[in-house]
1. From the set of residues in the range 129-150 that are outside any strand (DSSP E or B) and on the phi < 0 side of the Ramachandran plot, which is nearest to the chain's Cα centre (by Cα)?
2. Which fully enclosed strands (runs of 3 or more DSSP E) of the range 188-291 have 1 or more residues being surrounded by fewer than 24 Cβ atoms within 10 Å (Cβ to Cβ)?
3. For residue 206, all conditions in the list (1) modelled with pLDDT under 95; (2) farther than 23 Å from residue 158 by Cβ hold save one; what is the number of the exception?
4. Picking from 109, 126, which residue would you name as being in a loop (DSSP other than H, G, I, E, B), under 20 Å from the mean Cα position of the chain (by Cα), at pLDDT 95 or above and more than 23 Å from residue 237 (Cβ to Cβ)?
5. Can you tell me which residue in the range 158-187 is farthest from residue 291 (Cα to Cα), limited to those that are assigned to a loop (DSSP other than H, G, I, E, B) and under 14 Å from the mean Cα position of the chain (by Cα)?
6. Does residue 169 satisfy being within 16 Å of residue 119 (Cβ to Cβ), out of contact with any helix residue (DSSP H, G or I) (no Cβ under 7 Å at 6 or more places or on another chain) and surrounded by fewer than 20 Cβ atoms within 10 Å (Cβ to Cβ)?
């Protein structure tokens with residue numbers, strides 16, 4: 001077998017293992033692009049088979065007290081911003097967005113029962129330096145930003161109709177229901193599946209220097225079956241648009257489609273995202289999510 005053919009075989013074998021933004025085979029990150037985009041930062045703007053452990057019993061009220069107490073630790077903006085409650089609600093969600101920068105059409109996709117919403121955004125559609133923020137609704141119906149982290153999204157930005165291997169993150173509104181990782185359950189309220197293969201997948205896809213990127217993973221419900229571990233390979237909407245879009249540990253560079261924040265941020269979310277609060281995530285650029 002010729003040397004070029006051997007090289008191709010080894011490359012494909014490694015990519016078959018990858019979990020982030022892949023269906024079967026994902027293209028490797030572009031080192032030059034990663035190095036260039038790695039320096040980008042974005043300050044948050046007001047615009048803008050496995051061993052499973054059972055999730056603890058969820059409380060009926062959103063954990064806003066805990067989140068608000070830790071808001072001062074927010075590396076990208078101190079304090080808590082409160083927004084008025086929506087003036088109108090419908091069975092499909094609220095008509096008026098309570099979060100600055102999120103448009104009414106986008107917000108209408110948030111169920112009225114939801115009281116925790118993540119927003120992961122960039123200023124421009126082709127950017128990959130996403131800022132991810134958590135908003136919570138209190139008992140009075142007011143929404144507050146309680147946490148914010150800097151990280152990354154797909155190397156080619158966002159796409160409302162992504163295809164496998166295009167290095168974009170899916171833009172839109174998605175639910176969150178399942179989690180897992182290489183490390184043991186840190187006290188996740190979401191169903192958490194611990195699996196050694198997360199480490200193997202990380203090393204096979206990114207190399208040993210990025211072996212920790214799947215220490216903790218929160219599955220974003222894009223083209224996947226809810227109630228299954230994040231590693232589940234089923235694609236309900238077909239393989240063309242890919243899958244395994246996760247929120248996971250940042251590796252200081254753009255991704256193939258996933259969203260990343262620092263490891264302590266993912267761990268914090270696992271402890272605070274409550275299934276009883278019907279958590280959702282909004283993904284996209286300012287232009288996309290402001291609709």
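1. The selected residue is 130.
2. Numbers: elements: 192-194, 217-220, 246-249, 259-261, 280-285.
It comes to 192-194, 280-285.
3. (2)
4. Values: 109 fails: more than 23 Å from residue 237 (Cβ to Cβ).
Answer to the check: 126.
5. 168
6. On the way: within 16 Å of residue 119 (Cβ to Cβ): yes; out of contact with any helix residue (DSSP H, G or I) (no Cβ under 7 Å at 6 or more places or on another chain): yes; surrounded by fewer than 20 Cβ atoms within 10 Å (Cβ to Cβ): no.
Judged against the criteria, residue 169 is not a match.
The values are calculated or read from the model by the stated rules, or taken from the named source; none is laboratory data. None of the values given here were measured: they were computed from a predicted structure. Every residue, glycine as well, gets a Cβ built from its backbone with ideal geometry; the counts of neighbours run over all protein chains shown.
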